[in-house]
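The values are calculated or read from the model by the stated rules, or taken from the named source; none is laboratory data. Everything numeric in this text was worked out from a predicted model, so none of it was measured. Note: ideal-geometry Cβ built from the backbone for every residue, glycine included; neighbour counts use all protein chains shown. The accessibility values were calculated without ligands, DNA or RNA, using every heavy atom of the protein model including side chains. Shrake-Rupley method; radii C 1.70, N 1.55, O 1.52, S 1.80 Å.
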Amino acid sequence: YVCKPAKAIIEVPTEKGHFHFIAAPNDRYFRAESGNLKLLIRGLSSIYDYVIIDSAAGLGKAFDDAAAVSDRALVITTVDPITIRDAEKVGDNLSCPARLVINKFHPSFLKGEFKTIDDIIDKTKIQLIGVIPVDGMVVSSICSGESLPRNSIARLQISDLARRIDGERIPLNTRRLK
């Protein structure tokens, strides 16, 4: 079954007018044809300021298709060594500029091969754009379907990340990461 993008676009109720998404197909074997994906992204780019494609972790056809239509990339990792090595491979296979986001961060997670954020940056060879800390309010927000509270540490860091993506020069607030 195929529908027009306008019918598939869903507005996020807690962010009226600011955030929309297209849900992933419910057929696990579905693969968008590269040409159709390019047409879709081109069309959506004429309407929206940003079109974000959430690709499966690692490399493969889904990654290749998403990378082929991207003009910039956010590579998301955690401090887990496996995801850091995966982020390195992803960065090596991108042909567009990429920035690194370290998600679910807590300083106590830095140990072994990766003792500092700089170690993660060095391994991935990707410029850091944001660090999102572990925040118990994220799980509560997901479960309740509500936006993160304004005082949520993760929300503050995500807001700073969004402003950096938009071109503002916002320093990394490491005091929030403790």
Would you please put 41-47, 68-74 in order of how densely packed they are, using the mean number of other Cβ atoms within 10 angstrom per residue and starting with the highest?
68-74, 41-47
Report in % the part of the accessible area of the chain that belongs to carbon and sulfur, leaving out ligands and nucleic acids; probe 1.4 Å.
56
Which FRET efficiency value, to the nearest 0.05, do you get for T116 and Y48 by plugging their Cβ-Cβ distance into 1/(1 + (r/R0)^6) with R0 = 30 Å?
0.25
State the Kirkwood hydrodynamic radius of the range 105-178 in Å, one decimal place, computed from all pairs of distinct Cα atoms.
13.6
For an R0 of 35 angstrom, estimate the FRET efficiency from the Cβ-Cβ distance between H20 and F109 and round to the nearest 0.05.
0.60
Quick note, the chain: a/c under 1.5 would make it rounded; otherwise a/b > b/c is prolate and the rest oblate (a ≥ b ≥ c, C-alpha gyration tensor); here it is oblate
Pop a pseudo-label 7 angstrom from the Cα along the beta-carbon direction at both N151 and R169 and give the gap in nm to one decimal.
3.3
Place the peptides 30-39, 50-59 in order of packing, highest mean first, counting for every residue the other Cβ atoms within 10 Å and averaging per peptide.
50-59, 30-39
Equivalent ellipsoid dimensions for the range 1-87 as semi-axes, Å, which come from the Cα gyration tensor, largest first
24, 17, 14
Ordering K115, K7 from largest to smallest accessible area (1.4 angstrom probe), what's the sequence?
K7, K115
Under a 1.4 Å probe, what is the accessible area of the chain per residue, stated in Å²?
69
The relative contact order of the chain, taking Cα pairs under 8 Å that sit 6 or more residues apart, comes to a percentage of 15
